[in-house]
Amino acid sequence: MPTCTSANGVWQTWVTTSTITASTAYMSPTTSPYYNSTTTNVLTATNDTVYNHWVSTGGIAAHNYNNGNGDIYIKSLCALGESLYPHEHVNAYDHVARRPDENAHVYTWKEHLRKVQRRRIRRQSLKLLRTVLTREEWISLRTHGYFVVQGGETEVYYRIRWQHGDSMVANIDVLKLGADRAANDNWPMKSISTQLCCHLPTDYPIGDMLAAQKLMLKYEERKFLQRANCHPVSYTANIRSFRRAA
Amino acid sequence: MPTHSFSTMSSEHGDKKTVWNPDNADEVEAARREFDYLVKEKKYSAFVSKDDGSQGKRIDKFNPELGRMILVPQLVGG
């Protein structure tokens, strides 16, 4: 059965703010034999729902969670005296001690909502990117992790890479190659004359970043080159394998 | 009811769409104001592009009859 261990003073918050009855004997801080205002208190939830309610509503300072399968999760939660409400528990689950094989990560609601929102924004940006790229460019991006664009004014070929971790650092290769080889070059270093770094501010999603680079290189190349910084060529196969946006 | 729209790249939405009905003068005017604010004051670059990405060009003025415009914020060198 899930068990919560509260730090000093937190116990009373739990039992007085919880709307779910864990065990009537424990609900009153005045009658509970486990209640102690000066020492750590232990309360056993009747099920996971009750436990989750405590965690989401209580001003918990620290607790251990036993999920019943012998897995102990130790979490460092918000400090005593902070708000009792989950939307204000920004750092509640920041530190999670995990076993090496453990893949469970518990998020606060705020973290969860942020993650869902970031996914939605990312998905929207990839939809926009899909409409900006030609079919061949899109297939190249999905297959190889990059696509090639011909500059609108200089007619030089640029390879725009989708890098690991959505990094935008110098993700544009200026190619020496002609159209026939530019798209299937397989990364010989000698084919790259320099690398460019020019992108939207870092809070923009990856789809917007790549779409903006394509549009600027294709239809506003001079302005793009004026803003871009040149980097010496460093050959790394830093390409993110394409995955559909979750 | 026919509608047109332009897409604005946005860190908060990914793709923020401004929609108008070309037959509705108020909606067209509101879209024009939004376009002018972004392009002239925020220095966004505006492009018109086919849906398949094959053809496009840069534009400076709002044209309510254009089917699809994309507004790109200023890029920064890294």
> Which one is nearest to A:Cys198 (Cα to Cα) among residues in the range B:39-56 that are at pLDDT 90 or above and within 7 Å of chain A (Cβ to nearest Cβ)?
Replying inline: B:Ser45
> Can you tell me which residues in the range A:158-176 are within 14 Å of chain B (Cβ to nearest Cβ) and assigned to a helix (DSSP H, G or I)?
Replying inline: A:Asp166
>> Conditions first: (1) within 14 Å of another protein chain (Cβ to nearest Cβ); (2) under 30 Å from A:Asn171 (Cβ atoms). B:Gly67 passes all but one, so which condition is the exception?
In response: (2)
>> With the requirement that a residue be within 16 Å of B:Gly14 (Cβ to Cβ), touching a strand residue (DSSP E or B) at 6+ places or on another chain (Cβ under 8 Å) and without any contact (Cβ under 8 Å) to a residue 12 or more places away in the chain, what does the range A:113-159 give you?
In response: A:Arg120, A:Thr131
> Tally time: how many residues in the range A:135-157 are within 15 Å of A:Met216 (Cα to Cα) and in a loop (DSSP other than H, G, I, E, B)?
Replying inline: 6
> Among the numbered criteria (1) among the acidic types (Asp, Glu); (2) surrounded by fewer than 17 Cβ atoms within 10 Å (Cβ to Cβ); (3) assigned to a strand (DSSP E or B), which single criterion is violated by B:Asp52?
Replying inline: (3)
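The values are calculated or read from the model by the stated rules, or taken from the named source; none is laboratory data. It should be emphasised that the depicted structure is a prediction, and the values quoted were computed from it without experimental measurement. Heads up, the Cβs are rebuilt from the backbone with ideal geometry, glycines too, and the neighbour counts pull from every protein chain shown.
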